[in-house]
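Enquirer: Pasting in a structure now, in structure tokens, and then I'll have a few things to ask.
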Amino acid sequence: MHAELQKEIETFEKRTRKSYAAHQKAMPYMPLGVSSNFRSYEPYPLFIRDAQGGKVHDLDGHEYLDFNLCFGALMAGHCHPAVVKAVQERLHLGTMFGMPHELERELAQEICARFPVEQVRFGNSGTEATMHAIRLARGVTGRDKVLKMEGAYHGVHDTVMVSVKPKADAWGDPKSPNPVPASGGVPAATLQNTLIAPFNDLAAAEKIFATNPKEIAAVIVEPVMMNVGICMPEPGYLQVLRDLCTRNGALLIFDEVKTGAKLARGGACEYFKVNPDLVCLAKSIGGGFPLAAFAAKKSIMDKIAEHKVFHAGTYNTNPVVMAAGLAVFREVLTPKAYEQINRLNTKLVDGHKQIIKKNGLTAYSTGAGANGAMLLYSKPIRNYRDWIEVDVDLWRHYWFGMVNRGVIPQPYWWDEQWTISVAHTEADIDRHLEAFTDVAPALARAQQEHFATVAQ
Ligand SMILES: Cc1ncc(COP(=O)(O)O)c(C=O)c1O
């Protein structure tokens, strides 16, 4: 480990004694001491006491500017006043009925107004949304196979827990990657039904269709791959994928769990002007509450109405979450909010670019809607196998360095990206950039030393 990274981790350990103690206490009761594997990292995770707007406090009382925002689920910021008000009002009127009420129709209408869809079904997590979208696609087409991109994350159900972060010894040919289970417990039979293509490679996708004629139910794609930092689709990629699906009788599923709220008001569909068959939404549409949806044209959703494909859930459309979602759509994700966030993000990305240049870092900064990332790589990544080259130690140095200076620059993990919320201000962006200005020279030194060692 580079000496400067070691120093940052020591500083983190000195500042966050209460997080350490809380983690020690949790370890006997939960695997890794946490409730989602993504929340566990070395030496131990930061424990949070409370949050408001664009800021969080840890157990030791330190304040941080929060650009993690719950893995991008809080474009509304923490405790947005409109969301809190809507939820408080609903709390006293019953928290769940297991029977229909009018808020669900109202929210479905909001979604239909923004996305190229006619009907919606709700759930509670991105995992549910992609799982039901895939089942529906299988039900509509009568086919079993699903094509996903290597390195893409679509939640934790079996069909998509394949080739999420495959290792080089298993991933196979770059043009025709092997399906690699991302967890124990994924049945071998599942692997036969999940086909893998590299992102941004239309020839590979076409070949997979050719070798599996009339067998592919759907292509599921995150329009901007946001589980390898930020990986933009090349011009035309999504439209050609669209056409490929149409030609082959398969459905195109846009996993817009992240992009749905954060790329534009109408998500990636609007941003790239491409109409998928199914759209999956979650994260930032809920304003801090567990809200998800999958949506499509009526002719597709009809399979549910005809009782040919099943969808259900006790917690679906509980009125508290629906009230939060309505507040988000009507009062938070407004055209003005997108303007403001795009402006702040441009400032943050441009500021990063200047600091990277000034310090001679081999890295680049990129943004998309409310998201951005600093990638420690020499050129824009095109796919998962480019991203795997990112220098992890250097990234950890960056992350702990920023956290020690009061800025959580993004979720922990080098495959993530920052989110800007409606609560962030120009001054917050300045502080983010000040922290990076402070960290960058040591990062550049560490990188040069690393390059020198590799060259020897
Ligand atoms: C693109 C994408 N799809 C699906 C999911 C799964 O969402 P959830 O964690 O709500 O199940 C995630 C979560 O990070 C995601 O980024």
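Enquirer: Taking the conditions exactly as written (more than 16 Å from the ligand (Cβ to nearest atom) and hydrophobic (A, V, I, L, M, F, W, C)), does Ile230 satisfy them or not?
Expert: no
Enquirer: Also, I was wondering about something else. So for the stretch 103-123 (the condition being in a strand (DSSP E or B), over 16 Å from Val321 (Cα atoms) and in contact with a Cys (Cβ under 8 Å, 6 or more places away or on another chain)), does at least one residue qualify?
Expert: yes
Enquirer: Determine if the stretch 237-246 includes at least one residue that is within 16 Å of the ligand (Cβ to nearest atom), in contact with a His (Cβ under 7 Å, 6 or more places away or on another chain) and either in contact (Cβ under 8 Å) with a residue 12 or more places away in the chain or not acidic (Asp, Glu) (or both).
Expert: No.
Enquirer: Additional query: Does the stretch 27-42 contain at least one residue that is in contact with a Gly (Cβ under 8 Å, 6 or more places away or on another chain) and either free of Cβ contacts under 8 Å to residues at least 24 places away in the same chain or surrounded by fewer than 19 Cβ atoms within 10 Å (Cβ to Cβ) (or both)?
Expert: yes
Enquirer: Here are some residues: Asn200, Asn178. Which one is within 27 Å of Val279 (Cβ to Cβ) and polar (S, T, N, Q)?
Expert: Asn200
Enquirer: What's the number of the condition Gly236 fails, among (1) over 15 Å from Ser125 (Cβ atoms); (2) buried (at least 23 other Cβ atoms within 10 Å of the Cβ)?
Expert: Failing condition for Gly236: (2).
Conditions (1) in a strand (DSSP E or B); (2) more than 21 Å from the chain's Cα centre (by Cα); (3) buried (at least 23 other Cβ atoms within 10 Å of the Cβ), marked per residue:
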{"residue": "Ala210", "(1), (2), (3)": "no, yes, no"}
{"residue": "Pro213", "(1), (2), (3)": "no, yes, no"}
{"residue": "Ala218", "(1), (2), (3)": "yes, no, yes"}
{"residue": "Ala261", "(1), (2), (3)": "no, no, yes"}
{"residue": "Arg265", "(1), (2), (3)": "no, no, no"}
{"residue": "Glu270", "(1), (2), (3)": "no, no, no"}
{"residue": "Ala293", "(1), (2), (3)": "yes, no, yes"}
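Enquirer: Answer with yes or no whether Ser183 is surrounded by 15 or more Cβ atoms within 10 Å (Cβ to Cβ), among the hydroxyl-bearing types (Ser, Thr, Tyr) and more than 25 Å from Val279 (Cα to Cα).
Expert: No, not satisfied.
Enquirer: Confirm whether Gly260 is more than 11 Å from the ligand (Cβ to nearest atom) and either within 24 Å of Leu326 (Cα to Cα) or not hydrophobic (A, V, I, L, M, F, W, C) (or both).
Expert: Judged against the criteria, Gly260 is not a match.
Enquirer: Only residues in the stretch 61-75 that are closer than 22 Å to Gly325 by Cα count as the first member; pair them with residues that are of a type in the set (S, T, N, Q) and away from the ligand (no atom under 16 Å from the Cβ), Cβ under 7 angstrom, at least 6 apart or cross-chain, and list the lot.
Expert: Pairs found: Leu69/Ser421; Leu74/Ser421; Met75/Ser421.
Enquirer: Out of everything in the stretch 415-453 that is of a type in the set (D, E, K, R), outside any loop (DSSP other than H, G, I, E, B) and touching a strand residue (DSSP E or B) at 6+ places or on another chain (Cβ under 9 Å), what residue ends up being nearest to Lys336 (Cα to Cα)?
Expert: Asp428
Enquirer: How many of the residues in the stretch 295-316 are surrounded by fewer than 24 Cβ atoms within 10 Å (Cβ to Cβ) and within 30 Å of Ala423 (Cα to Cα)?
Expert: 2
Enquirer: List the helices (runs of 4 or more DSSP H) that sit entirely inside the stretch 296-379 and contain at least 3 residues that are under 24 Å from Val392 (Cα atoms) and of a type in the set (D, E, K, R).
Expert: 335-359
Enquirer: In this structure, is Arg385 within 30 Å of Cys269 (Cα to Cα) and at pLDDT 95 or above?
Expert: Values: within 30 Å of Cys269 (Cα to Cα): yes; at pLDDT 95 or above: yes.
Taking the combined requirement at face value, the residue satisfies it.
Enquirer: For the stretch 265-285, enumerate the residues that are closer than 14 Å to Glu110 by Cβ, within 16 Å of the ligand (Cβ to nearest atom) and out of contact with any Leu (no Cβ under 9 Å at 6 or more places or on another chain).
Expert: Val279
Enquirer: Continuing with the same structure: Looking only at the stretch 145-170, count every residue that is in contact (Cβ under 8 Å) with a residue 40 or more places away in the chain and surrounded by fewer than 18 Cβ atoms within 10 Å (Cβ to Cβ) and tell me the total.
Expert: 2
Enquirer: Starting from the stretch 115-144, take each residue that is within 10 Å of the ligand (Cβ to nearest atom) and list its partners that are at pLDDT 95 or above and hydroxyl-bearing (Ser, Thr, Tyr), counting only C-beta distances under 7 angstrom and pairs at least six apart or across chains.
Expert: Asn124/Tyr315
Enquirer: Going through the stretch 68-100 one residue at a time, which ones are in a loop (DSSP other than H, G, I, E, B), out of contact with any helix residue (DSSP H, G or I) (no Cβ under 6 Å at 6 or more places or on another chain) and within 16 Å of the ligand (Cβ to nearest atom)?
Expert: Asn68, Leu74
Enquirer: Does Arg405 satisfy being under 23 Å from Pro45 (Cα atoms), free of Cβ contacts under 8 Å to residues at least 60 places away in the same chain, charged (D, E, K, R) and surrounded by fewer than 24 Cβ atoms within 10 Å (Cβ to Cβ)?
Expert: Yes.
Enquirer: Follow-up. How about the stretch 138-167: which of its residues are in contact with a helix residue (DSSP H, G or I) (Cβ under 8 Å, 6 or more places away or on another chain) and in a helix (DSSP H, G or I)?
Expert: Answer for the stretch 138-167, where residues must be in contact with a helix residue (DSSP H, G or I) (Cβ under 8 Å, 6 or more places away or on another chain) and in a helix (DSSP H, G or I): Gly139, Val140, Asp158, Thr159, Val160.
The values are calculated or read from the model by the stated rules, or taken from the named source; none is laboratory data. Note that this is a predicted model, so its numbers are computed, not measured. For neighbour counting, all protein chains shown are included, and Cβ atoms are generated from backbone atoms with ideal geometry for every residue, glycine included.
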